[in-house]
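I have placed the structure first, in the form of structure tokens, so that the comments after it can refer back to it.
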Amino acid sequence: SHPLMTRVATVLVSVPLIITLTYFGGFPFFLLILFMALASLNEFYNLLASKGAEPYRTIGFAVTTFFISFAHYTLKHPNWEPAQAAIFTFGLIISFSAAIFLRRAERTVSDIAITTLGVVYVGWLFSYFILIRALSDHGNFLFFMLLIVWINDTASFLFGKFFGKVKLAPLISPKKTWEGAVAGFVIATGSAILLAPSIVGHLGLNQYHAGVLAAIVAIVAQLGDLVESVIKRDVGAKDSGALIPGHGGALDRMDSFILSAPFVYYYLVWILGRT
């Protein structure tokens, strides 16, 4: 099968599914996020295991499931953040306790660190999707973010491919170029200003804020991609996994989204006062 066709087929199946689940929200959306988070976390642990680390997977999966469940079940209660902090604290303590009882002394500290980093990088950040979705009835803000990240990624990929000369971070990601990054930034920000009235206009995100938010997202999405490249480069892997046909792993697809999500959430909550 042709790799491009595989990619296209995957998009045709997954995109309508993601749109439908995001629009209706509720438990199916929660399951989608939980599935993507656990798949991404598993890939993160696999990447590091390929270098000899032995993360405490069960603990990582359990704490991640708690994070995302808490985000889902406490949406109606504005005091969710202390609860998140509590899960976080206990997750850390459980990781340390496991290290004592499992007695793998050689790499204990790095194993605890990797277990916890996975939970923060994947579990914690994924919970923001649920929080953003809840800020409007049908997840408009989340659609807005997904669209901006997608436009930014596509524009920077195409411009980088055809016009890219100057490497953005040659040691980390040889394909990324400044031309691509700038094009992604400009096109994503421009699109946001044009699309905002129809997607989020009636929700108090005017064109000015849409532009600012898209500019932040475009920068952070590029960073998110590079963060994951750093991890892959560290362990010498090309893709994080093969979960998604033609697209590598779940983490490969989600890296730019998960770093953007907290920025979008806090912008909406702190700057626009959404609740």
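The values are calculated or read from the model by the stated rules, or taken from the named source; none is laboratory data. Bear in mind the structure is a predicted one, so any value in this text is a computation, not a measurement. Using ideal geometry, Cβ is built from the backbone for each residue, glycine included, and neighbour counts are taken over all protein chains shown. Note: areas computed on protein heavy atoms with side chains; ligands, DNA, RNA excluded. Shrake-Rupley method; radii C 1.70, N 1.55, O 1.52, S 1.80 Å.
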How much of the accessible area of the chain, probe 1.4 Å, is carbon plus sulfur, in whole percent? 73
So for the range 113-193, using the alpha carbon gyration tensor with a ≥ b ≥ c as root eigenvalues (a/c under 1.5 gives rounded; past that, a/b versus b/c decides prolate or oblate), I'd call it oblate
Please give the calculated 222 nm ellipticity per residue for the chain, where each DSSP H segment of at least 4 residues contributes -39500 (n - 2.57) and the sum is spread over every residue; nearest 500 deg cm²/dmol? -24500 deg cm²/dmol
Set of lysines with alpha-carbon distance to residue 161 below 21 Å, sequence-local pairs under 8 removed: 175, 176, 238
Accessible area (Å², 1.4 Å probe, nearest 10) - residue 187: 60
Residue 150 and residue 101 label points (each 7 Å along its Cα→Cβ direction) are spaced in nm at 4.5
What length, rounded to one decimal in nm, is gained on full extension from residue 223 through to residue 166, with 0.36 nm per residue of separation minus their alpha-carbon distance? 18.8 nm
Relative packing of 218-230, 23-35, 106-118, which averages over residues the other C-beta atoms within 10 Å, highest first: 218-230, 106-118, 23-35
Describe numerically, in nm with one decimal, the distance between label points set 7 Å from Cα along Cα→Cβ at residue 57 and at residue 89. 3.1
Classified through the alpha carbon gyration tensor (a ≥ b ≥ c as square roots of its eigenvalues; rounded if a/c is under 1.5, else prolate when a/b is larger than b/c, else oblate), the range 120-258 comes out oblate
Report the FRET efficiency, 1/(1 + (r/R0)^6), for residue 216 and residue 275, where r is their Cβ-Cβ distance and R0 is 25 Å, rounded to 0.05. 0.75
Let a ≥ b ≥ c be the square roots of the eigenvalues of the Cα gyration tensor of the chain; is it rounded (a/c under 1.5), or, if not, prolate (a/b larger than b/c) or oblate? oblate
